[in-house]
Amino acid sequence: MLDYDKIDIIKSRRKTLAIEIKPGGRVVVKAPASVFDRTVKAFVDEHEGWILKHLEKMRQREESRPPEPLLSDGDIQRLADEAMRVIPGRCRYYADLLGVSYGRITIRNQVTRWGSCTRDGNLNFNCLLMLTPPEVIDSVVVHELCHRLEMNHSKRFYAHVLSVFPDYKKWDKWLKDNGDGIMRRMTG
């Protein structure tokens, strides 16, 4: 049974409802600002089986994996420095392939996101990407750059992604399967 007090609801300018399971088993429901709370609750109720299945899957994955050591502030700084050396070049390469421009690149140490793209075209990336295979870094870079073409996750958006990175789904799955363990290494 779901505990509704432990579900985060984020309302924004988006057009659809979506459910996301975050590291540590946090459930986030993203909803358009105009949607009533009762509609969000009905949506969650309708998807309760899916949510519980994925929470259990995440719990089992976490229990089967030995904990990784926490990263020190120095480790995080080294990862951020490495990311600043690696990621801008990957952005230039894929931006040229996609025919897009972008603004500033910022490297952050976040515990919930791997990357983001602002409406102004500024790109943000998590320094923890340096702990993943190079293909995962490229998959996140391509994902964020494709938001310069589509600020959504529509079929057209993913068509752009796959046009320059055909293995995207494989590496996105790697990140979904392993990313929460990497995120848990942050010292806070």
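The values are calculated or read from the model by the stated rules, or taken from the named source; none is laboratory data. Everything quoted here is computed from the prediction, not taken from an experiment. Because the Cβ atoms are built from the backbone with ideal geometry, glycine has one as well, and the counts that use them run over all protein chains shown. To get the accessible areas, we keep the full protein, side chains included, count just its heavy atoms, and leave off ligands, DNA and RNA. Shrake-Rupley method; radii C 1.70, N 1.55, O 1.52, S 1.80 Å.
Could you count how many residues in the stretch 114-132 are more than 22 Å from LEU162 (Cβ to Cβ) and part of a loop (DSSP other than H, G, I, E, B)? Spell out how you get there, then give the answer.
Quick first cut of the stretch 114-132, residues more than 22 Å from LEU162 (Cβ to Cβ) only: 118-120, 122, 124, 126-128, 130-131.
The next check asks that each one be part of a loop (DSSP other than H, G, I, E, B); those that pass are 118-120, 122.
So the answer is 4.
Which ones in the stretch 1-24 are in a loop (DSSP other than H, G, I, E, B), open to solvent by 60 Å² or more (accessible area, probe 1.4 Å) and under 11 Å from VAL35 (Cα atoms)? Working first, answer last.
So the first thing to find is which residues in the stretch 1-24 are in a loop (DSSP other than H, G, I, E, B), and the list is 1-3, 13-17.
Okay, now just the ones that are also open to solvent by 60 Å² or more (accessible area, probe 1.4 Å), so 1, 3, 13-16.
Residues satisfying the conditions are ARG13, ARG14, LYS15, THR16.
Looking only at the stretch 92-130, filter to residues that are open to solvent by 40 Å² or more (accessible area, probe 1.4 Å) and of a type in the set (Ser, Thr, Tyr); which one of those is modelled with the lowest pLDDT?
THR112
Only one of (1) at pLDDT below 85; (2) surrounded by fewer than 15 Cβ atoms within 10 Å (Cβ to Cβ) is not met by GLU62, so which one is it?
In the conditions (1) at pLDDT below 85; (2) surrounded by fewer than 15 Cβ atoms within 10 Å (Cβ to Cβ), GLU62 misses (2) alone.
Go through the stretch 65-79 and count every residue that is surrounded by 12 or more Cβ atoms within 10 Å (Cβ to Cβ) and free of Cβ contacts under 8 Å to residues at least 24 places away in the same chain.
3
Regarding LEU175, is this residue at pLDDT below 95 and either farther than 26 Å from MET58 by Cβ or outside any loop (DSSP other than H, G, I, E, B) (or both)?
yes
Does the stretch 80-91 contain at least one residue that is open to solvent by less than 70 Å² (accessible area, probe 1.4 Å), modelled with pLDDT under 95 and closer than 23 Å to ASN152 by Cβ?
no
Search the stretch 72-102 for residues being assigned to a loop (DSSP other than H, G, I, E, B) and more than 20 Å from the chain's Cα centre (by Cα), and hand back the single one that is nearest to LYS176 (Cα to Cα).
SER72
Looking only at the stretch 139-151, how many residues end up being open to solvent by 60 Å² or more (accessible area, probe 1.4 Å) and not hydrophobic (A, V, I, L, M, F, W, C)? Show your work before the answer.
As a first pass, look at the stretch 139-151 and keep what is open to solvent by 60 Å² or more (accessible area, probe 1.4 Å): 148-149, 151.
So of that shortlist, the ones also not hydrophobic (A, V, I, L, M, F, W, C) come out as 148.
Residues in the stretch 139-151 being open to solvent by 60 Å² or more (accessible area, probe 1.4 Å) and not hydrophobic (A, V, I, L, M, F, W, C): 1 in total.
Out of the residues in the stretch 152-188 meeting the condition of being among the small types (Gly, Ala, Ser) and surrounded by 16 or more Cβ atoms within 10 Å (Cβ to Cβ), tell me which one is nearest to GLU20 (Cα to Cα).
First, pick out the residues of the stretch 152-188 that are among the small types (Gly, Ala, Ser): 154, 159, 163, 179, 181, 188.
Those left that are additionally surrounded by 16 or more Cβ atoms within 10 Å (Cβ to Cβ): 179, 181.
Values: GLY179: 14, GLY181: 17 Å.
Within the stretch 152-188, the match that is nearest to GLU20 (Cα to Cα) is GLY179.
Give the residues of the stretch 25-46 that are touching a helix residue (DSSP H, G or I) at 6+ places or on another chain (Cβ under 9 Å) and open to solvent by 60 Å² or more (accessible area, probe 1.4 Å), sorted by residue number. Walk me through it before giving the result.
Here is the first cut: in the stretch 25-46, the residues touching a helix residue (DSSP H, G or I) at 6+ places or on another chain (Cβ under 9 Å) are 25-27, 29, 31, 35, 41, 44.
Listed by number, the residues that qualify are ARG26, LYS41.
Is it true that some residue in the stretch 46-53 is touching a residue at least 24 places away in the same chain (Cβ under 8 Å) and closer than 25 Å to MET151 by Cβ? Give the derivation first.
The first filter runs over the stretch 46-53 and keeps only residues touching a residue at least 24 places away in the same chain (Cβ under 8 Å), leaving 47-48, 50-52.
Right, trim to closer than 25 Å to MET151 by Cβ and you get 47.
Yes, the conditions are met somewhere in the stretch 46-53.
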